[in-house]
Amino acid sequence: MTVMTVMTIPVITIDGPSASGKGTVAARVAERLGFHYLDSGALYRAAAVASIHAGIDPQDEPRLVERVRSLQLRCAGERVLMDGEDVSAAIRTEEAGVRSSQVAAVPGVRAALLDLQRGFLQAPGLVADGRDMGTVVFPQARLKVFLTASALIRAQRRHKQLIEKGFSANLDALLRDLQERDERDRSRAVAPLAAAPGAREIDSSTLTIVQVVDQILRWYAQA
Ligand code: DC
């Protein structure tokens, strides 16, 4: 495909803080439109699991970047394969979540994952969720959404999710981790979490998933 063709494939970006509901909303919007879906956080989480497995300190940029560059990452629906190993469950633990925010602050890691993310752009369209989808990875997106929710609501949602998946979880600890993670994601020097210029902002604290999905589809129809 030529650069022009790639640039004309429609993209919807959904950025926002941890546990704002981006993943569920983005996957449903993609399904409704018949578009592909990129969960960019899963790639950072896989990089985090790789660094934990290899005992690499997130501060050790050269070793970390070398490892991330050599990773064979594949997403197949909800499954994530890393060097052929299914890490779908391993990337969802709190440990992987905390580490992913640390490795995501390393500029070389972000650069190493850029082409992989852009490779998800295929016809008929893409819905991409993360922190910098609208600002850095797909600045040409037709619709950019910034999805937020209060920290307490997000901690409660994450708590429910973890319990449902059979993990143990503590609400106070989750809230603290979430606030620390938000702070690190917002204040890092490279590609910090921020609404892209022109992004539509939506606070999902008091909305259902269906309401958020419908609002995004209305915006897309007008875009
Ligand atoms: O969305 P998530 O919680 O699965 O993301 C895990 C971490 O990855 C998050 O703390 C920040 C980082 N991340 C990022 O820096 N840029 C993205 N586009 C997606 C995730």
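The values are calculated or read from the model by the stated rules, or taken from the named source; none is laboratory data. Because the structure is predicted, anything quoted here is derived from the model rather than measured. Note that we place each Cβ from the backbone using ideal geometry, even for glycine, and neighbour counts take in every protein chain shown. Quick note on the areas: whole protein, heavy atoms, side chains included, nothing else; ligands and nucleic acids left out. Shrake-Rupley method; radii C 1.70, N 1.55, O 1.52, S 1.80 Å.
A 1.4 Å probe run over the protein chains yields, for the chain, 48 Å² of accessible area per residue, whole-number rounding.
Here the Gaussian network model covers the chain, with springs between Cα atoms less than 10 Å apart; of A151, A141, A76, A76 fluctuates the most. Taking every alpha-carbon pair in the stretch 12-75 and binning the separations at 5 Å intervals from zero gives 3, 15, 22, 17, 14, 15, 9, 4, 1 percent. The phi-based Karplus calculation (6.51 cos²θ - 1.76 cosθ + 1.60; θ = phi - 60°) puts the 3J(HN,Hα) values of the stretch 73-81 at 10, 9, 10, 10, x, 7, 8, 10, 10 Hz, whole numbers, x for Gly and Pro. In the elastic network of the chain, a GNM with C-alpha springs shorter than 10 Å, the most mobile of A46, A128, A90 is A90.
Were the residues from R186 through T206 laid out at 0.36 nm apart, the gain over their Cα-Cα distance would be 4.9 nm.
Entry for the chain at q = 0.09, 0.14 Å⁻¹: log10 I(q)/I(0) = -0.34, -0.86, Debye formula applied to identical alpha-carbon scatterers, no solvent contribution. Here's the list of aspartates and glutamates a cross-link from K165 could span, going by alpha-carbon distance under 16 Å and ignoring same-chain residues fewer than 8 apart: E78, E94, E95. For the chain, a Gaussian network of Cα nodes joined below 10 Å ranks F167, F138, F146 by mean-square fluctuation, and the top entry is F167.
Net charge within 15 Å of E164 by Cβ-Cβ distance, Lys/Arg positive one each and Asp/Glu negative one each, not counting E164 itself? Don't skip to the answer; put the middle values down first.
Details: positive: R92, R157, R158, K160, K165; negative: E78, E94.
Once all neighbours under 15 Å are counted, the net charge is +3.
Membrane-span-like helices of the chain, defined as complete DSSP H segments with a Cα extent of 18 Å or more along the helix axis and a mean Kyte hydropathy of at least 0.5, are identified as 40-53.
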